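Structure first, commentary second.
The values are calculated or read from the model by the stated rules, or taken from the named source; none is laboratory data. Bear in mind the structure is a predicted one, so any value in this text is a computation, not a measurement. Please note: Cβ atoms are built from the backbone with ideal geometry, for glycine as well, and neighbour counts cover all protein chains shown. Please note that ligands, DNA and RNA were not included when accessible areas were found on the heavy atoms of the full protein model with its side chains. Shrake-Rupley method; radii C 1.70, N 1.55, O 1.52, S 1.80 Å.
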Amino acid sequence: MGTALPPGALVLGIESSCDETGVGLVAGGKLLGECTATSMDAHARFGGIVPEVAARAHLESMVPAVRTALKRAGIDKSDVEAVAVTAGPGLATALTVGIAAAKAYAIALGVPLIGVHHLAGHVAADTLDHGPLPERSVGLVVSGGHTSLLMLGDLARDPITHLGDTADDAAGEAFDKVARLLGLGYPGGPALSKAALDGDPDAIRFPRANVGKYGFSFSGLKSAVARWVEAAEGPLPVADIAASFQEAVCDVLTAKAVAACTDHGVDTLVIAGGVAANRRLRDLAEARCAERGITLRVPAPRLCTDNGAMIAAVGSMLVDAGAPWAPPGLSADSSAPLTAAALHPVR
């Protein structure tokens, strides 16, 4: 367990699950400083993330990112009282770099170490903008690797219940694949959303998969777009395809999230993860929540993508809740299920 820290302790957060090296500093739920270094350009020519390239980039960026975050916060590393790090899920090689760095800082500074679940970090990012979560809320986590509908209580103390998950491709993954199909480049999500701005979302009625009450599936939608493109004659109406595909994804995501809130008597919906930065998703969710009297909470776009601030935020919650410290053998769990905010896998 370790000696309890006082409320509001300064937590250094480290995120390295994919291609962003993120560092954040949070105390008492307040973000003091952060820095994010990305290796996206190094992966672009491969059309996707290469784990070995990402791991090497983390090695090069970690110490400079920590120094920059401390400088922006105007504090010294000796002021850090705990270190939180993403222990999973993610790329095993990338996670290992972040965990090794976090252990080194924790040992050097003589402070506790906390392993954090990456997806809990995405939810916690919202608290940096909008304050503590209510007693009960529904969370929709949408990213390149995950699409989950969750029942949330106290993020640091209560178990996280899955209402529904994706049966195949995550929403962000589908965005990337369709963008590649349309020749829009990588990363696909932002490129496809930009193309959709000039398109008609009602031009093509792509299918909406029905996988149980709260489940998701985007593989069939991706295939439907591919079939439509193959059958098209003449120049492709890329903007209309992009807008229609985006509309199908956002329609399903928001409809099921709002239904979950209504069915469970919850008046707050939190949308988090990289796809939460999508403008159409935010606008449609806002309209549908307003119709049902549901409060919508979505972090600022800069906090939706992977970053160290979100890991520091959930670490801060765990510290204030008196959660156990990570054992010395803390290791990466690349496919860790989301059942709680703290994650302490040991080999």
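For the reader, a short list of remarks on this structure follows.
- Within the stretch 7-36, tally of residues that are open to solvent by 10 Å² or more (accessible area, probe 1.4 Å), hydrophobic (A, V, I, L, M, F, W, C) and closer than 13 Å to G98 by Cα: 1
- Long-range neighbours under 6 Å by Cβ, at least six apart or interchain, first residue farther than 24 Å from K222 by Cα and among the β-branched types (V, I, T) within the stretch 159-170, second assigned to a loop (DSSP other than H, G, I, E, B) and open to solvent by 30 Å² or more (accessible area, probe 1.4 Å): I160/T339
- Residue check for A191: free of Cβ contacts under 8 Å to residues at least 24 places away in the same chain, touching a helix residue (DSSP H, G or I) at 6+ places or on another chain (Cβ under 6 Å), in a helix (DSSP H, G or I) and under 21 Å from A224 (Cα atoms): yes
- Residues within the stretch 153-188 that are in a helix (DSSP H, G or I) and closer than 29 Å to G115 by Cα, tallied: 3
- Taking the stretch 38-79 as the range and being of a type in the set (G, A, S) and either touching a Cys at 6+ places or on another chain (Cβ under 7 Å) or at pLDDT 95 or above (or both) as the test, the residues that pass are A54, S61, A65, A69, A73, G74, S78.
- Of everything in the stretch 35-92 that is in contact with an Asp or Glu (Cβ under 8 Å, 6 or more places away or on another chain), outside any helix (DSSP H, G or I) and small (G, A, S), the residue that is farthest from I107 (Cα to Cα) is G48.
- Subset tally (residues that are assigned to a helix (DSSP H, G or I), open to solvent by 10 Å² or more (accessible area, probe 1.4 Å), of a type in the set (G, A, S) and farther than 17 Å from E173 by Cα) for the stretch 237-293: 5
- Matching option when the condition is closer than 30 Å to T38 by Cα and surrounded by fewer than 17 Cβ atoms within 10 Å (Cβ to Cβ), among D198, D202: D198
- Residue check for V229: farther than 30 Å from H117 by Cα, in contact (Cβ under 8 Å) with a residue 12 or more places away in the chain and either open to solvent by 10 Å² or more (accessible area, probe 1.4 Å) or not in a helix (DSSP H, G or I) (or both): yes
Condition check ((1) open to solvent by less than 20 Å² (accessible area, probe 1.4 Å); (2) among the charged types (D, E, K, R)) across all residues:
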site	(1), (2)
D126	yes, yes
P132	no, no
V138	yes, no
L155	yes, no
D158	no, yes
D165	no, yes
D169	yes, yes
A174	yes, no
